[in-house]
Structures are given as structure tokens and as C-alpha cells.
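Below is one structure, written out as C-alpha cells; comments come after it.
Please treat every number below as a calculation from the coordinates, not as lab data. As the structure is a prediction and not an experimental result, all values here were calculated from the model. Every residue, glycine among them, receives a Cβ derived from its backbone with ideal geometry; neighbour counts consider all protein chains shown.
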Amino acid sequence: MRGKYDILEKLIVCLCAALIIWGFAALHNRPTDEDCTDPITAVEETDEITDESVDATVEDEPAQPAPQRRVVYYRGRSFRYSTAFKDRNEQHLAAAERIGLKQGPKNRAAAEQMSDKLREIHTNQYYVVEELTHSLPYLVPVAAARLDSIGKEFADILARNDLPAYRFRVTSVLRSEDDIRRLQRCNSNAISNSPHNYGTTFDIGYWHYDQMVQTTDSMTDDNLKLVLGQVLLNQQRAGHIYVKYEYKQCCFHITARN
């Protein structure tokens with residue numbers, strides 16, 4: 001009988017020991033605050049997007065191609081400039097003596113005092129007056145008006161043909177006595193009695209033009225030269241100007257006649 005009680009006592013002890021061990025194990029494996037985090041929140045925190053991950057995962061968008069510039073043309077009839085514009089210096093000089101100054105200014109200060117006889121020309125919507133090193137930006141009123149009319153007709157041809165707006169460049173105007181002396185020191189071919197001395201004559205360069213507004217359409221200098229040549233041919237045929245094509249100076253040498 002005593003042996004049965006010993007076996008039962010051993011079973012009870014083993015059962016108590018097992019319960020105690022299980023209790024400690026459960027206590028040790030109890031969930032913590034970190035283990036109770038909302039799973040969605042955990043995913044959001046884990047998958048947080050940083051600047052580095054954007055660079056690493058987002059494909060670069062292809063660069064947009066620059067707008068293609070298109071060359072457009074004036075379709076006027078071409079002609080030989082040296083043949084059309086060969087008015088002699090004697091013709092220019094005779095017109096200058098007839099409608100121009102009787103006595104040219106000694107220098108710029110003297111020209112500024114001749115407002116009753118001269119009109120100062122400025123860069124405007126039709127042409128650019130370059131920085132003049134051997135002349136002054138003054139013309140007698142009739143010549144200044146003729147320069148303006150050339151500029152307006154040049155702009156009108158471009159507009160009528162739906163072409164971009166450009167301005168031509170005035171490269172030489174009135175020469176004072178001081179200008180003539182400086183010019184002769186660097187150019188032995190410069191003459192003392194030039195039509196430029198009378199305020200009736202100006203040079204327009206034909207190899208450089210300024211586009212008024214930058215667009216995808218553009219024109220070549222050579223084609224703009226054709227537009228300018230057409231304007232000068234019209235005015236020459238109408239008896240308004242004399243024109244000499246200056247190949248070496250890259251300009252049209254122009255004297256107003258009326």
C-alpha cells in the first residue's frame with residue numbers, strides 16, 4: 001500500500017515541476033510593446049521612401065529634345081550686286097554737294113551744335129547703329145528720312161512674306177575733319193573729299209543682321225542680303241538713292257538724292 005502512495009507522490013511532484021517550468025517559459029515569451037506594433041504601421045516605417053531610394057528606383061525621364069531650328073527663305077529673284085549697284089563716286093559726290101552740308105563739322109562737339117542742319121540717328125526697330133570709330137551718327141534730314149524708309153521697307157518685305165523680323169546694321173555715317181585725318185592714318189586709300197563729309201551718305205553692312213525675337217525660324221545672312229538688296233534696288237530705280245556695292249568693306253555705300 002505504501003508503494004502506491006510513493007508512486008502517486010512522485011507523479012504529483014513531477015506534475016508540479018512541469019507546471020512551474022511551463023509558467024517560467026510563458027513569462028519569458030510574453031509579447032513586448034515592440035511586438036504589438038500595428039503591422040501596417042510597421043510596413044510603412046520599413047518602406048519609408050527617402051531621396052536615395054527615389055534616385056535608385058525611379059527611372060530617369062528622357063530629356064526633352066531642344067526645338068529644332070528651321071531655316072526659312074525669302075523667295076525673291078537673285079541678282080548680281082556688283083552689276084546692279086555700281087553708281088560712280090562722282091555721282092554720289094554731286095548729290096552730296098547739292099543737298100548736303102556746305103561745310104562739314106570739325107569734330108563731334110561741332111556736329112552736336114548743328115542741330116538745325118543735322119539729325120542724330122539712333123538704333124531703333126528698323127536698324128542698329130554700330131559703335132562708330134571713324135564717323136559720327138548724324139545725317140542731314142533728307143538722308144535720315146531716306147535711311148528710315150529703307151529700314152521700314154526692309155521690315156515690310158519680311159512681314160509680308162511671314163519671315164522673322166530682323167534689323168540691318170549701319171556701319172558708317174558722317175565724317176568730321178578729325179575723323180578723316182584718323183582714317184587716313186590707317187587707310188592710305190581714304191580720300192579727303194568723300195560723300196560721307198556732307199551728311200548725305202551712310203554705309204549698311206550686308207553680312208550681319210540682328211533678329212528681333214528669337215524663334216525657331218531663322219534666316220541666313222546671305223538671304224537677308226537679298227532682301228536688303230531688293231529694297232535698295234527699288235529705291236535706286238525710283239531715283240531716291242545712289243548705291244555702290246563695296247565688296248572689300250562688306251557694305252552698301254548709299255547716298256541720298258532726294
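Points worth noting:
- Among 209-217, 171-179, 229-237, 75-83, the order from most to least packed when residues are scored by Cβ within 10 Å on average: 171-179, 229-237, 209-217, 75-83
- Given +1 at the Cβ of Lys and Arg, -1 at the Cβ of Asp and Glu and no other charges, the dipole of region 101-163 around its Cα centre is 340 debye to the nearest 20.
- Highest mean packing comes first when the peptides 130-136, 160-166 are listed by Cβ atoms within 10 Å, giving 130-136, 160-166.
- Over 24 Å [Cα-Cα, region 81-256], rounded percent: 34 percent
- Descending principal axes extents, region 195-258, alpha-carbon based, whole Å: 41, 24, 20
- Restraint check, LYS86/LYS248; LYS106/LYS244; LYS152/LYS244; LYS86/LYS117; LYS117/LYS248, Cα-Cα greater than 24 Å: LYS106/LYS244; LYS86/LYS117; LYS117/LYS248
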